[in-house]
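The values are calculated or read from the model by the stated rules, or taken from the named source; none is laboratory data. Being a predicted model, the structure only gives us computed values, none of them experimental. Neighbour counts run over all protein chains shown; Cβ positions are idealised from the backbone, glycine included. These accessible areas exclude ligands, DNA and RNA; they are computed on the full protein's heavy atoms, side chains included. Shrake-Rupley method; radii C 1.70, N 1.55, O 1.52, S 1.80 Å.
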Amino acid sequence: MTEKLKKSYDFSGRIAVVTGAGRGIGYAVAETFVKLGAKVALFDLDEKLGNEAVEKLSRYHPEVAFFRTNVVNSQEVSENVQSVKDKWGRVDILVCSAGITHTKTFIETTETDFARVFDINVKGIFNCNRAVFPVMAEKKQGKIINIGSIAGKTGGGFLGSTVYGSSKGAVIAMTKGVAREFAPFGINVNCICPGPTETGMLDELTEENRERILAGSMIKKFAVPQDIADAVIFLASDFAGHITSEIVSVDGGIMKGN
């Protein structure tokens, strides 16, 4: 094993912020970073889940902290990012996993529904990307991974509606723009688009719908949160130093590479 290989997946001393870290994909990402030696700040709105996550993850690494965070509140996000910097000196990695699904049709969706979906799925990522920029730019390095969805490429379908797909399409476009603007400051920005993943979102699926979705998958099984976490780790690693503005599907081949 080369020295580069040893070092690239050793996150000892690195500082990661993970939003939506109390459950699902966010928790899997946080857990993987912790096991690889990173100090991890868990951002989540749910205090119970956040504190439980800290208790579990502290078994692997003592440097884990929970910050109750509403990603829609820009002041709260900025203050918590500053708290992470005050605690550990910097922020090396941001993973934006906080988000919600939405299954109503376009016609059924109210303005209130629309605002909530875009507030959490789009404004939340805007707030977090924006808050870490000065901290990362100061060190001339950083990795940002935004979690989108293949629904952002298809305009919905599968588990998400048109409005959900539109919000995730905005995440894809925002990632590309932020990558362009942040590149001169040594910051890589990429987006991972999961396909259907075994989280609470799939609980509402009937067996018929599960089979229908799997019929379109090359691998013929749903992802698990760890599949997404593994892709995040690669993009946060030294191996991905020359990768930015990429939209990576982790979907078992549902999108056929599109």
Item to check | Under 5 Å, built H, 5+ apart or other chain: amide partners of Val248 | outcome: Cys191, Ile192, Cys193
Checklist outcome for this item: Label model pair Thr110, Ile219: point-to-point distance (7 angstrom along the Cα→beta-carbon line) in nm is 3.9
Checklist entry - Which of these, Ser167, Ser78, Ser97, has the largest mean-square fluctuation under a Gaussian network model of the chain (Cα springs below 10 Å)? => result Ser78
Item to check | Links that overshoot a 18 Å alpha carbon limit, given the list Lys56/Lys87; Lys153/Lys256; Lys35/Lys56; Lys85/Lys176; Lys35/Lys140; Lys39/Lys87 | outcome: Lys56/Lys87; Lys85/Lys176; Lys35/Lys140
Next on the checklist: If I compute solvent accessible area with a 1.4 Å probe over the protein chains, what percent of it on the chain is carbon and sulfur?
Outcome noted: 52
Item to check | DSSP H segments from the chain that extend 27 Å or more along their own axis, Cα-based, with Kyte-Doolittle mean of -0.5 or above | outcome: 162-182
Checklist outcome for this item: Once the dipole of the chain is set up from charges on Cβ (+1 Lys and Arg, -1 Asp and Glu), the residue from the list Phe118, Thr105, Asn80 lying farthest towards its positive end is Asn80
Checklist entry - Mind ordering 137-149, 79-91 by average Cβ neighbours within 10 Å, highest first? => result 137-149, 79-91
Next on the checklist: Under the 0.36 nm per residue contour assumption, what length would be gained going from the current alpha-carbon distance of Ile100 and Lys140 to full extension?
Outcome noted: 11.2 nm
Checklist entry - For the range 13-76 and the range 161-233, what is the separation of their Cα centres, given in Å? => result 20
Item to check | q = 0.07, 0.12, 0.16 Å⁻¹, the chain: log10 I(q)/I(0) [Debye, one scatterer per Cα] | outcome: -0.22, -0.67, -1.21
Checklist entry - What full-extension length gain, to one decimal in nm, is calculated for Arg90 and Phe185 as 0.36 nm per residue of separation minus the Cα-Cα distance? => result 32.7 nm
